[in-house]
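Below is one structure, written out as structure tokens; comments come after it.
The values are calculated or read from the model by the stated rules, or taken from the named source; none is laboratory data. Remember, it's a predicted structure, so these values are computed and weren't measured experimentally. Cβ coordinates were reconstructed from backbone atoms using ideal geometry, including for glycine residues, and neighbour counts include every protein chain displayed. Surface areas here come from the heavy atoms of the whole protein model, side chains and all, with no ligands, DNA or RNA. Shrake-Rupley method; radii C 1.70, N 1.55, O 1.52, S 1.80 Å.
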Amino acid sequence: MEKLVINGGTRLKGEVTISGAKNAAVAILPATLLLNGVYTISNVPNISDVKITCDILQDLGAKINWITPNELTIDTRDIDGKEAPLDKTSKFRASYYLIGSMLGRSGQIEVGLPGGCNLGARPIDQHIKGFELLGAKVDVGQGKISAKAKKLVGTSIYLDVVSVGATINIMLASVLAEGTTTIDNAAKEPHIVDVANFLNTMGADIRGAGTDVIKINGVKELKHEGSYSVVPDQIEAGTFMLAAIATKGDILIKNCISEHLDCITAKILEIGGDVEDFGDSIRVSINKRPTKANIKTLPYPGFPTDMQPQMGVVLSIADGVSVINESIWESRFQYTNELINMGAHITAQGKTAVFEGVKELYGAPVYASDLRAGAALLIAGILAKGTTELYNIDHIDRGYEKIEEKFRSLGANITRVTEE
Ligand code: EPU
């Protein structure tokens, strides 16, 4: 078992380069199943969720060749599998993208029920509704999902909830369907636009990604082999922005798209931080204690749920009383118990948490309950007085590339330790 040992009390200073977006990469890689060919994908984050995606694609018959740690070629000409390994697919969330992609490719697939971070109930009814409206038969049971379609036919699909996964999955399934599919009440996250851009580069006809109505005009086949660079990770960039604020630091964040970070920038300015926007890089600093703020998580362009725990760390040391309302995931306040162990004053009940800011946090042994909770506790360890031992760090490795190296280059004192 590995843990991170953090000797805290550091003001983070320097430059950091953001990797490609996890939530785009884990959709773009399965999306290559929609065509026969060889693709080069660059700016791929080297994280465990990507490695497991590649493993599963190889099990289905894809040939993957890593050219550099962040660039790979994927050859989908020999895909023959109809069954993705249940043990691997049920380990992480984005395995559901194999359903949309394989329905499009061969009209048949079986995957394990998607796992992933423990954030409370994570239904996929909207994905299934979309596949069924397109003409597929979907069975869920005994820990797996089987989907079959003789033919997919474009139709109108209204999402009852704004869902990132359902929007992308329906887009994947309808690229090769007959006729036009319309997704109403679609999610608008940057990674949705990125997946649509990737598919269009390969010959799909998708319009409106990034708005709440997406139209997919089905094409007979995707024709273009090619290369594509994954969009920078909005959430990784936001994590370093809030790390700068939490530690009273000064960080230049390179390889990001500042427009994707507007909602985080707005909150940083509200609590007294400074943000300099250079378009593809952003400098965040603060030289005083941040002030309180209220947060409500919302689908893009609202404040992202995936930044909520990192913001929770900032508010736990801010001047005044702040309230966070989590509107996406029911169990996203598990990290608050760990922050309380570090000296924070937080009351969390249901989807609301009240943060009564304290001046300092103190190092303690803490446990990451999920990916973003892990990132938040790492930031808390860096700002806290004394030593923090952070456990369950496999959650962090799922979504952040070289996290301790990046924080170390900003001055943090972090060691990865392997325990028996
Ligand atoms: N929902 C339904 N039915 C569905 C799908 C979703 O009711 O069929 C509900 C969910 O319960 C939730 C809301 O709709 O309340 C939004 O869920 P969404 O489908 O957007 O989430 P997801 O696709 O499962 C992705 C990210 C998550 C991120 C959410 C919200 C991936 C692989 N995961 O999950 O990322 O929190 O969107 O932005 O893209 C993370 O990176 O740490 C992470 C958890």
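Only one of these is open to solvent by less than 40 Å² (accessible area, probe 1.4 Å), among the small types (Gly, Ala, Ser) and either in contact with a Pro (Cβ under 7 Å, 6 or more places away or on another chain) or within 16 Å of the ligand (Cβ to nearest atom) (or both): Gly141, Gly165. Name it. Please lay out each step first, then the result.
Working: Gly141 fails: either in contact with a Pro (Cβ under 7 Å, 6 or more places away or on another chain) or within 16 Å of the ligand (Cβ to nearest atom) (or both).
Answer to the check: Gly165.
Identify, from the list Thr305, Thr347, the residue that is surrounded by fewer than 22 Cβ atoms within 10 Å (Cβ to Cβ) and within 24 Å of the chain's Cα centre (by Cα).
Numbers: Thr347 fails: within 24 Å of the chain's Cα centre (by Cα).
Checking each option against the conditions leaves just Thr305.
State which residue is farthest from Pro290 (Cα to Cα) when the search covers only the range 329-361 and only residues that are within 16 Å of the ligand (Cβ to nearest atom) and assigned to a helix (DSSP H, G or I). Before the answer, list the steps.
As a first pass, look at the range 329-361 and keep what is within 16 Å of the ligand (Cβ to nearest atom): 329-335, 350-352.
Within this subset, residues satisfying the condition of being assigned to a helix (DSSP H, G or I) are 334-335.
Details: Gln334: 23, Tyr335: 20 Å.
So the residue we want is Gln334.
Scan the range 164-218 for residues that are within 15 Å of Ile28 (Cα to Cα) and of a type in the set (A, V, I, L, M) and report the count.
Qualifying residue count for the region: 17.
So, in the range 316-328, exactly how many residues are part of a loop (DSSP other than H, G, I, E, B), within 16 Å of the ligand (Cβ to nearest atom) and either touching an Asp or Glu at 6+ places or on another chain (Cβ under 6 Å) or hydrophobic (A, V, I, L, M, F, W, C) (or both)?
Of the range 316-328, the ones part of a loop (DSSP other than H, G, I, E, B) are 317-318, 320, 326-328.
This time we only want the ones that are within 16 Å of the ligand (Cβ to nearest atom), so: 326-328.
Those still in the list that are either touching an Asp or Glu at 6+ places or on another chain (Cβ under 6 Å) or hydrophobic (A, V, I, L, M, F, W, C) (or both) too: 328.
Total satisfying the criteria: 1.
Within the range 376-420, take every residue that is open to solvent by 60 Å² or more (accessible area, probe 1.4 Å) and of a type in the set (Ser, Thr, Tyr) and give me the one that is nearest to Ile317 (Cα to Cα).
Out of the qualifying residues, it is Thr387.
I'd like the residue in the range 74-117 that is of a type in the set (Ser, Thr, Tyr) and open to solvent by 30 Å² or more (accessible area, probe 1.4 Å) and, out of all such residues, is farthest from the ligand (Cβ to nearest atom).
Filtering the range 74-117 for residues that are of a type in the set (Ser, Thr, Tyr) and open to solvent by 30 Å² or more (accessible area, probe 1.4 Å), the one farthest from the ligand (Cβ to nearest atom) comes out as Ser106.
Please determine whether any residue of the range 35-57 is touching a helix residue (DSSP H, G or I) at 6+ places or on another chain (Cβ under 6 Å), within 16 Å of Met202 (Cβ to Cβ) and of a type in the set (Val, Ile, Thr).
no
For the range 249-283, which residues satisfy the criterion of being out of contact with any helix residue (DSSP H, G or I) (no Cβ under 8 Å at 6 or more places or on another chain) and at positive phi?
Matches in the range 249-283: Asn255, Gly272.
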